[in-house]
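The values are calculated or read from the model by the stated rules, or taken from the named source; none is laboratory data. The structure presented is a predicted model; accordingly, all values stated were derived computationally and were not measured. Please note: Cβ atoms are built from the backbone with ideal geometry, for glycine as well, and neighbour counts cover all protein chains shown. Areas reflect the complete protein model, heavy atoms only, side chains present, ligands, DNA and RNA absent. Shrake-Rupley method; radii C 1.70, N 1.55, O 1.52, S 1.80 Å.
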Amino acid sequence: MKEIFKGAAMRASCSAGPFRDFYEALVAKGMRPEMARLTLARKIAALTLTLWKKGGCFDAKQMKSQAA
């Protein structure tokens, strides 16, 4: 599972979208890129677990408000 989320973070940090915005905000704050990807992987894992438990849908607006 660890490699799945790390791979998802790698892909998400390179593609346009709310996850890339989150990644770029971390790097802009001075975090090393590899640590920012790890943080992004943890964020994706937490979101996956939450959505799985609650049966909800992903909302990119909520992701942007958390990154701010």
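Points to keep in mind about this one:
- Burial ranking of peptide ranges 20-31, 47-58 (average Cβ count within 10 Å, highest at the top): 20-31, 47-58
- Protein accessible area in the chain, 1.4 Å probe - carbon and sulfur %: 61 percent
- On a per residue basis, the chain carries 72 Å² of accessible surface, using protein heavy atoms and a 1.4 Å probe.
- Residue by residue, segment 47-53 carries 3J(HN,Hα) couplings of 5, 4, 4, 4, 5, 5, 5 Hz when phi is fed to the Karplus relation 6.51 cos²θ - 1.76 cosθ + 1.60 (θ = phi - 60°); x denotes Gly or Pro.
- Intensity falloff of the chain expressed as log10 I(q)/I(0), Debye formula with alpha-carbon point scatterers, at q = 0.12, 0.25, 0.26 Å⁻¹: -0.28, -1.16, -1.23
- Per-residue HN-Hα couplings for segment 10-17 [Karplus 6.51, -1.76, 1.60; θ = phi - 60°; Hz; x = Gly/Pro]: 4, 5, 5, 6, 9, 9, 5, x
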